[in-house]
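*Asks:* Once you've had a glance at the structure underneath, I'll fire off some questions.
The values are calculated or read from the model by the stated rules, or taken from the named source; none is laboratory data. Remember, predicted model here, so these are calculated numbers, not experimental data. Glycine also receives a Cβ, built like all others from the backbone with ideal geometry; neighbour counts cover every protein chain displayed. The protein model used for the area step is the full one, side chains on, heavy atoms only, and it has no ligands, DNA or RNA in it. Shrake-Rupley method; radii C 1.70, N 1.55, O 1.52, S 1.80 Å.
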Amino acid sequence: MLPDPSRSAVQHGLVDVEQWSVWFGATAALSEVSLRITPGGVTALIGPSGCGKSTLLRSINRMNDGAAGLRHAGHIRLDGADIYAPSTDSSVLRQRVGMVFQRSNPFPKSVLDNVTYGARLNGMTDRRELEALAERSLRRAALWDEVKDRLGQSALRLSGGQQQRLCIARALANDPDVLLLDEPASALDPVATLRIEELLYDLRRDVTIVIVTHNLQQAARVSDRTAFLLAGRLIECDDTARLFTSPREPRTEAYITGRFG
Amino acid sequence: MSALAAPSRVQRTERMARRRRMGSFMTVVVWCAALLSVVPLILIAAHLIIGGARVLSPTFFTALPAPPGVSGGGVANGVAGTLVLLGIASVIGMPIGLGAGLYLAEHGRTRLATIVRYLSDVLSGLPSIVVGIFAWELIVRPSGQFSALAGGFALGMIMIPLVARATEEMVRLVPVALREAALALGFTRWRSSLQIVLRTALPGIVTAALVAVARVAGETAPLLFTAFGTPFWSLRLDRPIAALPLQIYNYATSPYDDWRAQAWGGALVLIALVLVISIIARRVTRSRFGAATGGARGD
Ligand SMILES: Nc1ncnc2c1ncn2[C@@H]1O[C@H](COP(=O)(O)OP(=O)(O)OP(=O)(O)O)[C@@H](O)[C@H]1O
Ligand SMILES: [Mg+2]
């Protein structure tokens, strides 16, 4: 049994999605989604391809900004503050809400440079400080032991799974309150996937995690709560154990028992 | 013969044979065309080397042009002048071209971008002598004299669209995933453009910029009434300045035999200069692909 997330140490990272709708041109990607993501713990977003999981995830750090024909309605609040308010600086927001993508995307630079990129953006220049930050972040991403002797090497030489954990370390170096992951293990083999899942299990204690996954077993393994989306609508959001064993909605049941999607 | 009727065995082999004959004939045709296409290059190169080597000597690079009848003149001022002109052209053409290209790549769908892209295409299609007239109107006429500045300005105008389009293409090649990685870390858009996108695309842009320099190095028409040329040693930007293409033009159209020989020598030097720039450009390109294949590994 997973530990009770309400006893978690996390204080920040409450994400409140209220009547959130998104359109790309004429197509509605999300319709009036309301969802509360409480600090600490892991929330999984599941649903068939094209149902809007990525769109919802990318709404939380405003990565959709700049997409052609984007319109939205409703509110998303992070610890009470509307992240789409005119006064919100999206680059400051993204330092608080980190993101890891489906395909690992390290910069073509050294391992060390990758991890410290965000910190150097914020003006950290002291080499000792940067190295300490890198070690701390790489340890949190369970990558330190594997790369501690090759910090100066190109990040592109790491294995796929290591690259993905490097991307997690890079996001963690900003010390975010929320970490968004969009199918982070879908390009990895089972062993590398397991390492990522273990990592999320450890991280959930001090950062709010939202993960999109196509893999229902993975959702069941790593998450405390699961939200099921279908055609841009939130069908059901509940404790993971309850959603997978006794869903309230017939459509949820149909999906998790593999009858569509 | 009906199209639906299955062709007999005989018809089929006959058709095959016809196709094979046609195939070998076409192979010969394209082979000849390929050969013909390199003939001019070989002829020019041979001519240049035979004609130019005669006058090439160490003094050819260190001496100033000699009056007709006096042997042993050189193109020292022309080489220096061409380098100065290319320098001015780069100072004007590269930053503007780079900025415009970056803008086109990053904001390519806006109305302004469409207009800029169209105008830059128009500019790159403009005959270079027209650019020369423009520089004359803008700089030579108001200032009352031919100048290196005017010549460099004209060459820079020609460079802008070349650099802009190349930059746009190179920047577009930078994977979206890398931009998103930077944005997701809290980079503002322009910072990710400068720090991630431009840096990743830089080798390609440098290559393209060098190709643009090589391209304008041989331009003559826009210099005729801007840089104007001079037989003397001058590096002043506000005075007429010598340039290799201008010297070649003057020598080649002169009635004196030793001047025409000098034209061949100048042409050889100019080609060598362009060649060196191109080789540097290829080196930069190669090191880019070398880094990409040597450093990356698939997952
Ligand atoms: N940038 C965009 N421009 C236009 N349409 C988009 C854009 N991003 C997403 N969409 C559309 O929004 C809808 C939801 O897409 P989204 O990527 O959120 O689905 P998803 O649930 O993540 O799917 P998958 O499981 O395949 O990743 C789709 O119809 C998609 O075509
Ligand atoms: Mg998706």
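*Asks:* On the basis of being more than 14 Å from chain B (Cβ to nearest Cβ), more than 21 Å from A:Val207 (Cα to Cα) and within 16 Å of ligand 2 (Cβ to nearest atom), does A:Gly52 make the cut?
*Replies:* Yes; evaluated as a whole, the condition is true for this residue.
*Asks:* Within region A:62-108, can you find the residues that are closer than 15 Å to A:Gln164 by Cα and open to solvent by less than 50 Å² (accessible area, probe 1.4 Å)? Lay out the reasoning, then the answer.
*Replies:* Residues of region A:62-108 that are closer than 15 Å to A:Gln164 by Cα, as a first pass: A:98-108.
Residues satisfying the conditions are A:Gly98, A:Met99, A:Val100, A:Phe101, A:Ser104, A:Asn105, A:Pro106, A:Phe107.
*Asks:* When the residues of region A:19-49 are filtered to those that are open to solvent by less than 10 Å² (accessible area, probe 1.4 Å) and touching a Pro at 6+ places or on another chain (Cβ under 9 Å), which remaining residue is farthest from ligand 2 (Cβ to nearest atom)?
*Replies:* A:Gly40
*Asks:* Right, something else. Inside region B:260-272, can you point out the residues that are more than 24 Å from the chain's Cα centre (by Cα) and either open to solvent by 60 Å² or more (accessible area, probe 1.4 Å) or at pLDDT 90 or above (or both)?
*Replies:* Passing the criteria: only B:Arg260.
*Asks:* Considering B:Leu112, B:Leu83, B:Leu98, which residue is over 28 Å from B:Gln195 (Cα atoms) and not small (Gly, Ala, Ser)? Spell out how you get there, then give the answer.
*Replies:* Details: B:Leu112 fails: over 28 Å from B:Gln195 (Cα atoms); B:Leu98 fails: over 28 Å from B:Gln195 (Cα atoms).
The conditions single out B:Leu83.
Okay, residues lined up against (1) assigned to a loop (DSSP other than H, G, I, E, B); (2) open to solvent by less than 70 Å² (accessible area, probe 1.4 Å):
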{"residue": "B:Val55", "(1), (2)": "yes, yes"}
{"residue": "B:Ala100", "(1), (2)": "no, yes"}
{"residue": "B:Leu112", "(1), (2)": "no, no"}
{"residue": "B:Leu123", "(1), (2)": "no, yes"}
{"residue": "B:Val140", "(1), (2)": "no, yes"}
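*Asks:* Keeping to region A:212-261, report how many residues are outside any helix (DSSP H, G or I) and of a type outside the set (Lys, Arg).
*Replies:* The total comes to 26.
*Asks:* Another one. Sort through B:Glu180, B:Glu219, B:Glu169 and tell me the only one that's assigned to a loop (DSSP other than H, G, I, E, B) and open to solvent by 20 Å² or more (accessible area, probe 1.4 Å).
*Replies:* Values: B:Glu180 fails: assigned to a loop (DSSP other than H, G, I, E, B); B:Glu169 fails: assigned to a loop (DSSP other than H, G, I, E, B).
That would be B:Glu219, the only listed residue that is assigned to a loop (DSSP other than H, G, I, E, B) and open to solvent by 20 Å² or more (accessible area, probe 1.4 Å).
*Asks:* So A:Glu183 ticks every box in (1) more than 16 Å from ligand 2 (Cβ to nearest atom); (2) closer than 21 Å to B:Glu180 by Cα; (3) among the charged types (D, E, K, R) but one. Which box is left unticked?
*Replies:* Every listed condition holds for A:Glu183 apart from (1).
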